[in-house]
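Please treat every number below as a calculation from the coordinates, not as lab data. Only a predicted model underlies this, so the values are computations on that prediction, with no experimental measurement involved. Quick reminder, even Gly has a Cβ in these numbers, built from the backbone with ideal geometry, and neighbours come from all protein chains shown.
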Amino acid sequence: MKIVVCVKQVPDTAAKLTVENGKAFWGDAPLIINPWDEYAVEAALMQDGADVIAISMGSESALDALKHALAMGCNEAFLVSDPALIRADSQATAKTLAAAIQKIGSVDLVVFGRQAVDSDGGITAAQTARALGWPVLSLASSVSAGGGTVKVTRSMEEGQQMVEGQLPAVVSVVKDIGEPRYPSFMGIRKASRAQIPTWTLADLGISAPTSVVHWPELISPPSREVICEIITGDSPEQIAATLADKILAEKVI
Amino acid sequence: MSNKVFVYVDQFKGTALPTSWEVVGVGRTLADQLGGTVSALVIGQNVENLAQQAIRYGADEAMLADNAVFADYRAEPYATAVSKAAADAAILLFPTTTSGREIAGLSAMDLNSGVLTDVTALELQDGKIIATKPVYGGKLLSKVTCDATPQIITLRTRAFPMPEVDPSRTGVVNRFDSSVTEASVTTQVSGYTQVEGGVSLTDANIIVSGGRGVSNNSKLSPPAGMDDKQAEIWRAQEGFRLVGELASVLGAAVGASRAAVDAGYIPYSHQVGQTGKVVSPSLYIACGISGAIQHQAGMRTSKTIVAINKDGEAPIFKLARFGVVGDLYDI
Ligand SMILES: Cc1cc2nc3c(=O)[nH]c(=O)nc-3n(C[C@H](O)[C@H](O)[C@H](O)COP(=O)(O)OP(=O)(O)OC[C@H]3O[C@@H](n4cnc5c(N)ncnc54)[C@H](O)[C@@H]3O)c2cc1C
Ligand SMILES: Nc1ncnc2c1ncn2[C@@H]1O[C@H](COP(=O)(O)O)[C@@H](O)[C@H]1O
């Protein structure tokens with residue numbers, strides 16, 4: 001069974017972000033593999049007899065995310081990189097990833113993370129599926145693929161939905177899938193030596209997909225003008241009573 | 001150019017998710033500015049009453065696809081129906097729910113447009129929406145626009161007001177043929193397990209949340225025969241039972257930090273934060289939560305935050321309106 005995992009390179013979530021001229025800066029904080037995509041790699045590696053291939057669309061720096069995926073145990077990796085893809089929106093990303101999946105060929109399952117922690121979009125999995133004409137089973141907390149079908153349990157607002165789909169299919173996964181494995185020593189050595197092929201749009205045989213979504217400007221959120229009032233009192237009961245009065249006086253409830 | 005605004009009504013087994021009505025309210029405001037109309041999209045089985053409800057919340061008409069093929073939510077047939085009904089929309093709005101996000105993404109592909117996800121504010125300039133959405137886990141905000149039509153937008157739950165119901169409002173319910181057949185759908189739903197009752201986190205007006213601190217109740221003595229780890233979890237679960245009791249008295253939902261979830265005190269569905277749910281209740285009570293940046297990503301936009309923590313230096317106090325420095329179990 002051939003499985004493709006889509007991984008994105010993003011700024012570390014612990015990085016301190018600043019805005020200059022409407023763009024985000026994170027100083028010398030490292031770029032990392034999108035934390036959600038580690039769960040996606042884990043979900044792919046968990047499947048029996050899987051040949052797992054990681055792909056990423058991005059600049060050269062995204063090679064590190066692919067190396068991380070290789071170190072975790074993926075067999076192969078490909079980077080899609082092209083100047084025409086700078087500031088691609090999720091629709092353009094989906095079309096590009098779909099073309100790369102088609103170039104890889106005879107893929108049974110594609111696994112995505114829940115969302116990228118930079119754009120917080122959470123729609124690329126569904127959109128790639130639509131571009132491929134395959135079904136999407138999103139937010140899976142368990143995935144089991146084999147025998148021409150994939151079974152997942154999805155986390156929705158109302159509870160868990162058990163769904164089965166025909167392969168080929170696309171899934172996105174959430175944390176419940178299980179903690180991502182740490183790269184092994186052997187894995188890291190193998191990954192550091194790996195030559196990761198880079199494909200341009202011409203290699204994929206498509207012209208640059210147009211991006212219609214733009215983000216002209218980033219801003220720092222207004223800081224919360226709150227002064228914390230520490231409630232004190234002689235006894236816990238008195239503190240609780242004062243707190244309750246204060247909360248009611250704020251008229252939020 | 002069309003000046004039609006379409007809004008998607010998200011429902012589960014015939015009950016609308018309340019945030020759908022917030023979306024109808026935004027649709028109404030935008031349509032009034034455009035001099036256009038609001039059409040509510042209602043898809044499911046036995047859901048005609050939701051079409052009527054959408055009208056009472058402010059829609060002019062409803063487009064209804066009521067069919068056995070829509071009995072269970074499945075992304076592909078739902079999106080196909082939406083794309084067909086809303087093909088000539090100027091603006092297509094969804095709540096940022098699991099299904100709302102997904103259908104928005106799929107329909108954007110069908111209709112050759114794009115999606116602005118999880119929007120918290122928007123304005124209309126010459127027919128074009130300039131939206132604001134949190135990015136990088138809420139650490140920054142981004143202005144976003146969509147050049148194609150329909151402009152497809154998902155709205156964050158509780159970021160927009162709940163409109164008033166007008167019981168006397170009337171409008172037409174148009175049943176439309178989605179042309180989706182069971183044979184064309186390649187997925188099947190084989191079952192559900194519903195979440196344990198109580199108030200849903202994202203809809204809640206009040207949230208009582210517990211962190212690692214909840215396990216730290218020295219006054220409780222665990223049953224004999226437990227090792228330290230079991231005793232800690234037992235203490236925490238007892239603690240969360242108290243949190244739950246407080247929540248049910250207040251009509252609140254129960255939240256938790258990742259540390260509490262990872263330690264096995266409470267299921268993941270309760271986790272608030274960057275890797276959990278994003279909430280913005282009127283009142284958020286944080287008990288024994290330090291307020292790490294990743295936790296803040298999920299609750300920063302709450303109106304009033306109350307923190308109870310024995311460490312007066314905990315970062316949560318920087319966000320809180322009221323704080324109590326002390327042992328949770330004394331208060
Ligand atoms: C990629 C990534 C994603 C993450 N996503 C999330 C997320 O989505 N949500 C999330 O919450 N975290 C997330 N985290 C984890 C986050 O960084 C923190 O580790 C976590 O939020 C800490 O939880 P806590 O506040 O319960 O625990 P702690 O930081 O251990 O705080 C416990 C607090 O309880 C207080 N306390 C202890 N006993 C008592 C008592 N008896 N009475 C009163 N106060 C007491 C202590 O003073 C302390 O401040 C993420 C981390 C990473 C790296
Ligand atoms: N540039 C990219 N390259 C590879 N995968 C991506 C890229 N962007 C997004 N993805 C995948 O799509 C998921 C959702 O991303 P998003 O819709 O941007 O939040 C991520 O978790 C990744 O699995």
TODO: Ignore the peptide's own chain and count Cβ atoms of other chains within 10 Å of each Cβ in A:243-250; give me the average, rounded.
DONE: 3
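Is the shape of segment A:50-207 best called rounded, prolate or oblate, per the rule: a/c under 1.5 gives rounded, else a/b larger than b/c gives prolate, else oblate, with a ≥ b ≥ c the square roots of the Cα gyration tensor eigenvalues? The partial results should precede the final answer.
On the way: a/c = 1.59, a/b = 1.22, b/c = 1.30.
Here segment A:50-207 falls in the oblate category.
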Task: Cross-link partners of A:LYS251 among lysines (Cα-Cα below 17 Å; sequence separation of 8 or more within a chain) - done: B:LYS303
Open item on the list: Skipping prolines and chain starts, which residues have an amide H placed within reach, meaning under 5 Å, of the one on A:ALA116, given they are 5 or more residues away or on another chain?
Closed with: A:GLY121, A:GLY122
- [ ] Just the number, please: percent antiparallel of the DSSP beta bridges in the protein assembly as shown, rounded to the nearest 5.
- [x] 40
TODO: Would you kindly derive the ³J(HN,Hα) couplings of segment A:3-17 from the backbone phi angles with the Karplus curve 6.51 cos²θ - 1.76 cosθ + 1.60 (θ = phi - 60°), listing them in order in whole Hz, with x for Gly and Pro?
DONE: 10, 9, 10, 9, 10, 10, 9, 9, x, 3, 5, 8, 5, 8, 9
TODO: Do me a favour and compute the ellipsoid semi-axes for segment A:175-253 from its Cα gyration tensor, root of five times each eigenvalue, largest one first, whole Å.
DONE: 55, 27, 13
Open item on the list: Under the rule a/c < 1.5 gives rounded, and otherwise a/b versus b/c splits prolate from oblate, where does chain B land using the Cα gyration tensor?
Closed with: prolate
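I need the per residue convex hull volume for segment B:17-107, using only the alpha carbons, in cubic angstrom as a whole number. Write down the numbers at each step before the final one.
Working: hull volume 7.8 nm³, N = 91.
Spread over its residues, the Cα hull of segment B:17-107 gives 86 Å³ apiece.
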TODO: Per residue of A:127-133, count partner chain C-beta atoms within 10 Å of its C-beta, then hand back the mean as an integer.
DONE: 4
Open item on the list: Along the charge dipole of segment A:178-247, pointing to its positive end and built from +1/-1 on Cβ of Lys, Arg, Asp and Glu, which listed residue (A:VAL226, A:SER207, A:GLN195) has its Cα farthest out?
Closed with: A:GLN195
Open item on the list: Only Cα pairs within less than 10 Å get springs; with that Gaussian network setup on chain A, which residue of A:ILE219, A:ILE206, A:ILE33 has the largest fluctuation?
Closed with: A:ILE219
Task: 0 to 90° range, to nearest 10: angle between helix B:98-110 axis and chain B longest Cα axis - done: 40
TODO: Quote the relative contact order of chain A in percent (integer), defining contacts as alpha-carbon pairs under 8 Å separated by 6+ residues.
DONE: 23
Open item on the list: Need the list of lysines near B:LYS219 for cross-linking: C-alpha distance under 21 angstrom, and skip anything on the same chain fewer than eight residues off.
Closed with: B:LYS229, B:LYS310
Open item on the list: Over all directions, how big on average is the projection of the convex hull of the alpha-carbon atoms in segment B:90-158, in square nanometres?
Closed with: 4.5
Task: Degrees, to the nearest 10: B:75-85 long Cα axis against longest axis of chain B - done: 40
Open item on the list: I need the helices of chain A that pass two filters: whole DSSP H segments spanning 15 Å or more by Cα along the axis, and mean Kyte-Doolittle score no lower than -0.5.
Closed with: A:35-46, A:90-104, A:236-249
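What is the magnitude of the charge dipole of the protein assembly as shown about its Cα centre, with +1 placed on the Cβ of each Lys and Arg, -1 on the Cβ of each Asp and Glu, and no other charges, expressed in debye to the nearest 20? Can you show the working numbers first?
Numbers: 47 positive and 61 negative charges, 115 e Å.
In debye, rounded to 20, the protein assembly as shown gives about 560.
Rank these for me by crowding, B:VAL254, A:VAL4, B:VAL185, A:VAL173, going from fewest to most other beta carbons within 10 Å.
Numbers: B:VAL254 23, A:VAL4 26, B:VAL185 17, A:VAL173 31.
In order of increasing Cβ crowding within 10 Å: B:VAL185, B:VAL254, A:VAL4, A:VAL173.
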Task: Karplus-derived HN-Hα couplings along segment B:145-151 (A = 6.51, B = -1.76, C = 1.60, θ = phi - 60°), whole Hz, x at Gly and Pro - done: 9, 10, 7, 9, 10, x, 6
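Roughly what % of DSSP beta bridges within segment A:110-253 run antiparallel, to the nearest 5? Walk me through the numbers before you get to the answer.
Working: 14 of 21 bridges.
Among the beta bridges of segment A:110-253, antiparallel pairing accounts for roughly 65 percent.
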Task: Farthest toward positive dipole pole in segment A:126-253 [+1 Lys/Arg, -1 Asp/Glu at C-beta], among A:MET162, A:ALA249, A:ALA145 - done: A:ALA145
Task: Relative contact order [Cα under 8 Å, 6+ residues apart], segment B:156-264, whole percent - done: 33
TODO: Work through the residues other than A:PRO183 whose Cβ is under 15 Å from its Cβ and net out their charges, Lys, Arg +1 and Asp, Glu -1.
DONE: 0
- [ ] Using just the helices of the protein assembly as shown, give the 222 nm mean residue ellipticity in deg cm²/dmol: DSSP H runs with n ≥ 4 each add -39,500 (n - 2.57), and the total is spread over all residues, rounded to 500.
- [x] -8500 deg cm²/dmol
- [ ] Rounded, prolate or oblate: pick one for segment A:59-132, where a ≥ b ≥ c are the square roots of the eigenvalues of its C-alpha gyration tensor, a/c under 1.5 means rounded, and failing that, prolate if a/b is larger than b/c, else oblate.
- [x] rounded
TODO: Within 10 Å of each residue's Cβ, count the other Cβ atoms and sort B:LEU64, B:LEU246 from fewest upward.
DONE: B:LEU246, B:LEU64
- [ ] Just list whichever of B:LYS139/B:LYS277; A:LYS67/B:LYS133; A:LYS67/A:LYS151 have alpha carbons separated by over 21 Å in the model shown.
- [x] A:LYS67/B:LYS133; A:LYS67/A:LYS151
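Ranking A:THR96, B:THR154 by Cβ neighbours within 10 Å, fewest first, what do you get? Could the numbers behind the result be given before it?
Values: A:THR96 25, B:THR154 29.
With the fewest neighbours first, A:THR96, B:THR154 line up as A:THR96, B:THR154.
Send over the Kirkwood Rh of the protein assembly as shown, from the inverse of the averaged 1/r over different Cα pairs, rounded to one decimal Å.
Working: mean 1/r = 0.0401 Å⁻¹.
When all Cα pairs of the protein assembly as shown are included, the Kirkwood radius is 24.9 Å.
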TODO: Could you check what % of the DSSP bridge pairs in chain A are antiparallel, to the nearest 5?
DONE: 45
TODO: Give the angle, between 0 and 90 degrees and rounded to the nearest 10, that separates the Cα long axis of helix B:19-34 from the longest principal axis of the Cα atoms of chain B.
DONE: 40
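What number, in percent, do you get for the relative contact order of segment A:97-233 if the mean sequence gap of Cα pairs under 8 Å and at least 6 apart is divided by its residue count? Kindly include the intermediate steps, with their values, before the conclusion.
Working: 156 pairs, mean separation 30.4, N = 137.
It comes to 22 percent, rounded to a whole number.
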Task: Reachable aspartates and glutamates from B:LYS13, criterion Cα separation under 13 angstrom, eight or more residues apart if same chain - done: A:GLU157, A:GLU158, B:GLU48, B:ASP66, B:ASP72
